[in-house]
Amino acid sequence: MSAEYIIEMKAVSKSFYGAKVLYDVDFKLKPGEIRGLLGENGAGKSTMMRILNGIYTMDSGQIFVDGEEKHFSLPKDARDAKIAFVHQEIALSGNLTIAQNMFLGLEKTTGKYFVDDVSMREAARASLESLNLNLNVDTLVGTLSVAQQQMVEIAKALMQDARVLVLDEPTAALSEKEVRFLFKQMRRLKEKNVAVIFISHRLNEIEEITDTLTVLRDGHIIADGVPTTGLTSNEIIAMMVGRNVTQFYGSEKPQGTDEIVFEVKELTNSVLDHVSFQLKRGEILGFGGLVGARRTELMSAIFGLDPLESGDIFLHGKKIVNKNPRQAIQNGFGFVSEDRKRNGLILVHSIARNLTMNVTSTFIKGIRYDKRKEKEIVDEYGNKLSIKMSSMEQLCQYLSGGNQQKVVIAKWLASNPAVLIMDEPTRGVDVGAKSEIYQLMSELAKEGISIIMVSSELPELINISSRIAVMHEGKLGKIFDEDEIVQSNADELQKEIMFYATGERE
């Protein structure tokens, strides 16, 4: 067996409860290579990586490390082979220090009974310094930002001399500045001949940072080791979803009418500083900004989740008050929150119960429960959003991320909102579902619904929004109008947005 590849998986298959999820997968990875691993939710990416990291055992196939066959039945086996996995959900203990987290389960001892705290702190410090991280190893992890915690996870992996690093959606909760820093560290690792497997739904990041691509679809390898350079986004998407997506962001950007549906004037509280803007009928008003810009806090205040100290809200020219979410819903607002699992869905409840929770009065009157009416609502919005489900009684926890997000959106559409707030509407969903959500947003706007969209992805903001509002530290710095967006070069527009997002321009 040639040792040209640091990792080689041959004919790897895996089934769960009789359902096959991986079919004779072949995968090869060279030292110092940054490999993008792509596929829609359910394509088999996570299963494949969990096999490589000893979390799952394969049903059949072979795994070679440096040309030598390995058998992984536990995560420790993968660690011993110098393979490290940084999961999307950060697995650190907030009430322990950085050093304690980095050696959790791997503690060094002196003699027979004593933990060698000094040695562990020195090793942790050295690993952090190797990534140019200026962090005190005695700091409690719970006080760190998400980006810092992510880097601690990576430092922990590299401290064990990892030669292969798997990063699962590492940028999902990072700001643009933090993504830049992560990419810098990935390039440093490449120079040290560490191979990186990078899993992401963000095509712009895939195109920027990866050398090669592996694409999975329905448990099959569609492409392995294909050079990223020269591939267009549409070509990559076509490999992932099995069809051409010629209009990824939608066939036509909604422009809206001249009618002002919603307006806020001088909204102010502990984190918002006299924010004013207008929303037109049938437009998508995008909100950009960095972490700490207070975009989500603004949306929460509008929806009655956070109190306001001063300022006014108008709907159809009439002054209203949203003291709480119930009142906001009654006034015609919907709010797709950025964390669908915590704030958007009750995962252990059915699709039907989640989708209809805001409109139960239409089919439950007193003790009378109209099951047929409930089914009509679920069928209408399930079909409109193409939600893939076995039945309306299926629990939401068993849906893919994209279908979970569609249920959240459907829940709000069922209440027929005049203003729909969508905070990071495509976070954590695959490209196929993203394209469907973009198409849906465009159709909703054409139907007359006014949409406010918060997004941390600049290509998404530019290609979906009718206008773009940019915030910095609780202030609204600039609103780019339709002509500025259409007439600007995309790269130049991104730079202009970042100038306002960083506060360099006001």
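FYI, it's all coordinate maths here, none of it is from the lab. Since the model is a prediction, treat every value here as computed from it, not as a measurement. Because the Cβ atoms are built from the backbone with ideal geometry, glycine has one as well, and the counts that use them run over all protein chains shown.
What to note about this one:
- Neighbour-limited loop hits for GluC sites (Glu not before Pro), the range 150-257 (at most 15 other Cβ within 10 Å; DSSP other than H, G, I, E, B): Glu252
- Phi-derived couplings, Karplus 6.51 cos²θ - 1.76 cosθ + 1.60 at θ = phi - 60°, listed residue by residue for the range 465-477: 6, 6, 9, 10, 9, 10, 10, 8, 6, x, 10, 8, x Hz, with x used for Gly and Pro.
- Column: log10 I(q)/I(0), Debye, Cα scatterers of the chain, q = 0.07, 0.08, 0.10 Å⁻¹: -0.43, -0.56, -0.87
- Exceeding the 23 Å Cα-Cα cut-off - candidates Lys82/Lys108; Lys156/Lys341; Lys411/Lys446; Lys323/Lys365: Lys156/Lys341; Lys323/Lys365
- Computed on the chain, with alpha-carbon pairs under 8 angstrom and 6+ residues apart, the relative contact order is 15 percent.
- Of the chymotrypsin sites (Phe, Trp or Tyr not before Pro) found in the range 1-90, those that fall in a DSSP loop while having at most 15 other beta-carbon atoms within 10 Å are Tyr17.
- The alpha carbons of the range 261-351 give a radius of gyration and a Dmax of 13.9, 41 Å, in that order.
- Cα shape, the range 1-45, gyration tensor, a/c 1.5 rule: oblate
- The range 1-26 and the range 458-488 have Cα centres spaced 45 Å apart.
- Exposed trypsin sites (Lys or Arg not before Pro) absent - longest run of the chain, DSSP non-H/G/I/E/B, at most 15 other C-beta within 10 Å: 389-504
- Helix 146-159 and the longest principal axis of the C-alpha atoms of the chain enclose an angle of approximately 10°.
- Span from the the range 164-241 Cα centroid across to the the range 89-131 one, whole angstrom: 30
- By the beta-carbon count within 10 Å of each Cβ, the least crowded to most crowded order of Ser435, Ser465, Ser145, fewest first, is Ser145, Ser435, Ser465.
- DSSP beta bridges in the chain [antiparallel fraction, %, rounded to 5]: 55
- Coordinate range along principal axes, alpha carbons of the range 260-501, Å, largest first: 53, 38, 29
- Aspartates and glutamates whose Cα lies under 16 Å from that of Lys375, excluding same-chain neighbours fewer than 8 positions away: Glu393
- Over the range 7-241, relative contact order from alpha-carbon pairs under 8 Å, at least 6 apart, %: 29
- The packing ranking of peptides 309-317, 454-462, highest mean first, is 454-462, 309-317, where packing means the average number of other beta carbon atoms within 10 angstrom of each residue.
- Nearest-20 debye value, the range 260-501 charge dipole, Cβ charges on Lys, Arg, Asp, Glu: 1240
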